[in-house]
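Here's the structure, in structure tokens; my notes come after.
The values are calculated or read from the model by the stated rules, or taken from the named source; none is laboratory data. Fair warning: this is a prediction, and the values are worked out from it, not measured in the lab. Every residue, glycine among them, receives a Cβ derived from its backbone with ideal geometry; neighbour counts consider all protein chains shown. Note: accessible area is taken over every heavy atom of the protein model, side chains too, but ligands, DNA and RNA are not part of it. Shrake-Rupley method; radii C 1.70, N 1.55, O 1.52, S 1.80 Å.
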Amino acid sequence: MSEILEEKKFIEVPHKGLFFIPLGGVGEIGMNFCLYSCDGKWLAVDCGVGFAGENLPGIEMLLPDPAFATTILPNLEGLVITHAHEDHLGAVGYLWRDLHCPIYSTPFVSEMLVSKLDEVGLLGRASVEVVNEGDALDLGPFEIELVPVNHSVPEATALFIKTKYGNIFHTGDWRFDKAPVIGKTANLQSLKNEKILALVGDSTNVFVEDALSTETDVKNSFVELLKGYKDKKIVVTCFASNVGRIESIAYAAEQVGRKVCLMGKSLWRVEGAGRASGYFKDFPVFLTDDEAKFMNQAEVLYICTGCQGEYKAALNSVSYDVGNVHLGAGDVVVFSSRVIPGNEQAIANIQNRFIERNIEVITTKEALVHVSGHAGKQDMKKLYELLKPQMVIPVHGEIMHLNEHAKLAHECGIKQVLIIKDGDVVHLDIDDFNVIGEVPTGILAVDGKKIVSISSEIIKKRRRLIEDGSVVATVVLNSDNNILGNIQFSAVGLIETESEEYTVLNDFVKSEIDNLSSEEKLDNSKITDVVKSAVRKIIIQNHGRKPLVDVHLVRV
């Protein structure tokens, strides 16, 4: 049976054998960053970001900590990116200076990477080698075939990794789509007769029981949907990287006589990368919102960023009626996307702003406007029947996804399944398939222009500041160590400006300082500690909160 493994002490990975070590993407959705080791040589797969929740104020993106990866740099053969989603490539620009290794990716992924590397001043410094779907890479002890699979982004690939110890199938993000809009139907028949030692597999949609619709089904559904809103303004929001969906929406718009306008920086970045890679060739150049605002709005269809409720995205501005697109009663907004866990409230807030103005909101509950790019149970069973791996490691999911994936693998006849966590060192050996220890891992936060640990004092204090507030006390002492005038307090977000509570604070803090001995009054740190303690005591008593307290001590 699968089991959740106990914490292990940090170890040195053996220089002999085949090992798998995830530094991100296991136990969470996002921050995918995996390492394989074969006889002391290393291969990195994906380097993605995660998205912060409300418990990390001011933080938008999270990164896997590359500290362990920096210890194996002389033997790191390269980084292979499976596809162009942020949770698989978004951290490259932040972490490449630490990894400093060649990057291998397909043309579309490479175009997206070039844009990101340019933004951080790494264009021309980071080596990006373009490889095509179906190509083979020879990276030291790793022979890698980039196997084309279907996903919600162009040129998604699984990795078939050959080593002297056995073959690994690293799925990346994938599904079987019988009628994709871009790319071909995934065909893994060529691997049917290959012996797969271990499968490292995506768990995202393991709870989805029913067969998934195709992207072509979504495209045709959009045509019928748009026909019902002939004279209305229409806004559609979707994941910017979903080139197939953008083409589906553009096709539907064309069928009903509308031109497409893109709104949002990331959409234009994808549009540029897509056209450079041969996509969107059947569609004219898309409009900007500055161009579209002068047109008959019944002849325009807007595609916006912001399907997950991002406050800086285009859709959020539209929901506040800010910018060039102004919707009114009877107009429609279509959410052509799924809800990523953790974003429910942000999305609901935007939808409610539209509904309050009698703007119709259409989601997957009302129409077939989205299909997932991740395999559900039926696709996963088909994959196991085809490849028959000897061992399975569920990844890309929270613990509930990993457990369910393990259960499914057992049902498919796989006897050896491991549920692991980030940092676990897995020995990929049929006779010793086990976690032998762990290496250091962590999570970093992109805080403006800086990268900090999520456990840093900066983040802790910011969270506490929001939850419990802060008080600044200014104490002025004369040469005799007596307090001059009243102590000045600032307690923004805690105490009203003219509140009598400031008088209570002043009297209590003064009395606590007066109780100090003459010798103690000469000690600045002692006075500071007494003031902090006194302020907290009053605030806890009156508000039930433990604020951050800062003391400015002035001697004159």
Considering residues that are surrounded by 19 or more Cβ atoms within 10 Å (Cβ to Cβ) and not in a loop (DSSP other than H, G, I, E, B), the number found within the stretch 298-307 is 5
Between a residue in the stretch 69-80 that is without any contact (Cβ under 8 Å) to a residue 60 or more places away in the chain and open to solvent by 20 Å² or more (accessible area, probe 1.4 Å) and any residue that is acidic (Asp, Glu) and assigned to a strand (DSSP E or B), which pairs come within a Cβ distance under 9 Å, given they are 6 or more apart or on different chains? none
Could you run through the stretch 430-441 and say how many residues are assigned to a loop (DSSP other than H, G, I, E, B) and surrounded by 17 or more Cβ atoms within 10 Å (Cβ to Cβ)? 3
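Please verify whether the stretch 159-168 includes one or more residues that are at pLDDT 95 or above, open to solvent by 10 Å² or more (accessible area, probe 1.4 Å) and among the aromatic types (Phe, Trp, Tyr). Step through it out loud before you land on a result.
Here is the first cut: in the stretch 159-168, the ones at pLDDT 95 or above are 159-168.
Then keep just the ones that are open to solvent by 10 Å² or more (accessible area, probe 1.4 Å); that gives 162-167.
Subsequent filtering for residues that are among the aromatic types (Phe, Trp, Tyr) retains 165.
Scanning the stretch 159-168 turns up at least one residue that is at pLDDT 95 or above, open to solvent by 10 Å² or more (accessible area, probe 1.4 Å) and among the aromatic types (Phe, Trp, Tyr).
Looking at this structure, is Phe280 surrounded by 15 or more Cβ atoms within 10 Å (Cβ to Cβ), part of a loop (DSSP other than H, G, I, E, B), free of Cβ contacts under 8 Å to residues at least 40 places away in the same chain and hydrophobic (A, V, I, L, M, F, W, C)? Don't jump to the end; show me each part of the working.
Numbers: surrounded by 15 or more Cβ atoms within 10 Å (Cβ to Cβ): yes; part of a loop (DSSP other than H, G, I, E, B): yes; free of Cβ contacts under 8 Å to residues at least 40 places away in the same chain: yes; hydrophobic (A, V, I, L, M, F, W, C): yes.
Criteria met by Phe280.
Conditions tested, residue by residue: (1) closer than 28 Å to Arg463 by Cα; (2) open to solvent by less than 40 Å² (accessible area, probe 1.4 Å); (3) part of a helix (DSSP H, G or I); (4) hydroxyl-bearing (Ser, Thr, Tyr).
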| residue | (1), (2), (3), (4) |
| --- | --- |
| Leu505 | yes, yes, yes, no |
| Phe508 | yes, no, yes, no |
| Ser511 | no, no, yes, yes |
| Ser518 | no, no, no, yes |
| Val530 | yes, yes, yes, no |
| Ile538 | yes, yes, yes, no |
| Asn542 | yes, no, yes, no |
| Lys546 | yes, no, no, no |
Scanning for something open to solvent by less than 10 Å² (accessible area, probe 1.4 Å), in contact with an Asp or Glu (Cβ under 8 Å, 6 or more places away or on another chain) and modelled with pLDDT of 95 or more, does the stretch 308-318 turn up at least one residue? no
Matching residues, the stretch 186-228, being more than 22 Å from His405 (Cα to Cα) and open to solvent by less than 40 Å² (accessible area, probe 1.4 Å): Thr214, Glu215, Thr216, Val218, Ser221, Phe222, Val223, Leu225, Leu226
Checking Thr237 against (1) more than 23 Å from Leu327 (Cβ to Cβ); (2) open to solvent by less than 20 Å² (accessible area, probe 1.4 Å), only one condition comes out false. Which one? (1)
Taking into account only those residues within the stretch 479-492 that are within 27 Å of Ile466 (Cα to Cα) and open to solvent by 80 Å² or more (accessible area, probe 1.4 Å), which is nearest to the chain's Cα centre (by Cα)? Val492
Got a number for residues in the stretch 33-60 being at pLDDT 95 or above, farther than 21 Å from Tyr94 by Cα and not hydroxyl-bearing (Ser, Thr, Tyr)? 4
Return the total of residues in the stretch 102-154 being aliphatic (A, V, I, L, M), in contact (Cβ under 8 Å) with a residue 40 or more places away in the chain and part of a loop (DSSP other than H, G, I, E, B). 1
Of the residues that sit in the stretch 169-185 and are part of a strand (DSSP E or B) and touching a helix residue (DSSP H, G or I) at 6+ places or on another chain (Cβ under 9 Å), which one is surrounded by the fewest Cβ atoms within 10 Å (Cβ to Cβ)? Phe169
Among the residues of the stretch 368-378 satisfying the criterion of being touching a helix residue (DSSP H, G or I) at 6+ places or on another chain (Cβ under 9 Å) and closer than 24 Å to Gly53 by Cβ, which is surrounded by the fewest Cβ atoms within 10 Å (Cβ to Cβ)? His370
Out of all the residues in the stretch 284-307, which are aromatic (Phe, Trp, Tyr) and at pLDDT below 95? Phe294
Identify, from the list Val218, Val236, the residue that is in contact with a Ser or Thr (Cβ under 6 Å, 6 or more places away or on another chain) and part of a strand (DSSP E or B). Val236
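Kindly check whether there is at least one residue in the stretch 471-493 that is of a type in the set (Ser, Thr, Tyr) and assigned to a strand (DSSP E or B). Working first, answer last.
Looking only at the stretch 471-493, we keep the residues that are of a type in the set (Ser, Thr, Tyr), and these are 474, 479, 490.
If we keep only those that are assigned to a strand (DSSP E or B) too, we end up with 474, 490.
There is at least one residue in the stretch 471-493 that is of a type in the set (Ser, Thr, Tyr) and assigned to a strand (DSSP E or B).
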Inter-residue pairs, beta-carbon under 7 Å, first within 23 Å of Ile527 (Cα to Cα) and free of Cβ contacts under 8 Å to residues at least 60 places away in the same chain and in the stretch 488-509, second of a type in the set (Ser, Thr, Tyr) and part of a strand (DSSP E or B), 6+ apart: Gln488/Thr474
Hey, among Val130, Val120, which residue is of a type in the set (Val, Ile, Thr), open to solvent by 10 Å² or more (accessible area, probe 1.4 Å) and at pLDDT below 95? Val120
Residues located in the stretch 442-461, provided they are touching a residue at least 40 places away in the same chain (Cβ under 8 Å) and open to solvent by less than 60 Å² (accessible area, probe 1.4 Å): Gly442, Ile443, Leu444, Ala445, Val446, Asp447, Ser453, Ile454, Ile459
I'm trying to understand the selection: among the residues of the stretch 354-372, which are within 21 Å of Ala240 (Cβ to Cβ), outside any loop (DSSP other than H, G, I, E, B) and out of contact with any Phe, Trp or Tyr (no Cβ under 6 Å at 6 or more places or on another chain)? Phe354, Ile362
Could you identify the single residue in Arg269, Arg245 that is within 27 Å of the chain's Cα centre (by Cα), basic (Lys, Arg), closer than 30 Å to Ser110 by Cβ and at pLDDT below 95? Arg269
Could you check, for the stretch 324-346, whether at least one of its residues is touching a residue at least 24 places away in the same chain (Cβ under 8 Å), open to solvent by less than 20 Å² (accessible area, probe 1.4 Å) and part of a helix (DSSP H, G or I)? no
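Could you list, in sequence order, the residues of the stretch 80-101 that are of a type in the set (A, V, I, L, M), closer than 19 Å to Thr70 by Cα and part of a loop (DSSP other than H, G, I, E, B)? Show your work before the answer.
Step one: filter the stretch 80-101 for residues of a type in the set (A, V, I, L, M), giving 80-81, 84, 89, 91-92, 95, 99.
Filter once more, so that each one left must be closer than 19 Å to Thr70 by Cα: 80-81, 89, 91-92, 95, 99.
Scanning the stretch 80-101 gives Ile81, Ala91.
Matching residues to (1) surrounded by 17 or more Cβ atoms within 10 Å (Cβ to Cβ); (2) touching a helix residue (DSSP H, G or I) at 6+ places or on another chain (Cβ under 8 Å):
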{"position": "Glu366", "(1), (2)": "no, no"}
{"position": "Met380", "(1), (2)": "yes, yes"}
{"position": "Val395", "(1), (2)": "yes, yes"}
{"position": "Met400", "(1), (2)": "no, no"}
{"position": "Ala409", "(1), (2)": "yes, yes"}
{"position": "Ile414", "(1), (2)": "yes, yes"}
{"position": "Asp422", "(1), (2)": "yes, no"}
